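Have a look at the structure below, then the notes.
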Amino acid sequence: KGEKAIAILAPKGEYTGEDGITRNNFVIKNVFDVKQTYGKELRRRKPAPVRVVVKALMANCPIPVVTSDKVKDAQFESTPYQIAVNRDQSPESKLNAIAREYAKTYNMGEFVAQCAANIVCYRYGVNPTPIEQIPEKATLADPAKQKSLLGFMKTAATELSEHIDRQLQAERQRKQEER
């Protein structure tokens, strides 16, 4: 209330003039900048601790995750079909390593897998692993190939994030029912 609107010209269809040329019709619309609006404050949920996020990721994961002392951080194994993760590392490292190895199952290479893992880490408040240099293969690729790589990153990161979110929500509901 009390804010001044901004007048803009908004397109409103086309018309054909007497000379046979098609032109656009415009009308004046009054709009407000989003900073001029207000509403009920959104309730923000506290982010889950990283160890809980890792537990959610490992629970019912599309690719089974097993602990092992034989791998450095994590490694995807095609036989048996699983991701082996070293138990003696921080939850942040586990999240990054499992997400990276999961993304590798898309057969898209180390760089794209690490990018997808960084997206997942960022989503859950974990510092992503720095990537020192973009491989020449990615920078010199044609735009369609680059778009494809970005699509793979997004798909892998989205799948993992949705899985984690479902598991976290199920755990919240279970705890509420116990109360």
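The values are calculated or read from the model by the stated rules, or taken from the named source; none is laboratory data. Small disclaimer: the values here were computed from a predicted structure and weren't measured. Reconstructed Cβ throughout: ideal geometry from the backbone, glycine too, with neighbour counts over all protein chains shown. Side chains are part of the model used for accessible areas, which takes the heavy atoms of the whole protein and leaves out ligands, DNA and RNA. Shrake-Rupley method; radii C 1.70, N 1.55, O 1.52, S 1.80 Å.
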* Asked: Only one of Val71, Val112 is touching a strand residue (DSSP E or B) at 6+ places or on another chain (Cβ under 9 Å) and of a type in the set (Val, Ile, Thr); which?
  -> Val71
* Could you check Pro47 against (1) assigned to a strand (DSSP E or B); (2) within 30 Å of Glu171 (Cα to Cα); (3) open to solvent by 100 Å² or more (accessible area, probe 1.4 Å); (4) not polar (S, T, N, Q) and say which number it fails? => (1)
* Tell me which of these Gln146 doesn't satisfy, since it passes every other one: (1) surrounded by 13 or more Cβ atoms within 10 Å (Cβ to Cβ); (2) within 17 Å of Asn60 (Cα to Cα). => (2)
* To do: Just give me the residues in segment 123-142 being assigned to a helix (DSSP H, G or I) and open to solvent by 100 Å² or more (accessible area, probe 1.4 Å), in sequence order.
  => Arg123, Glu136, Lys137
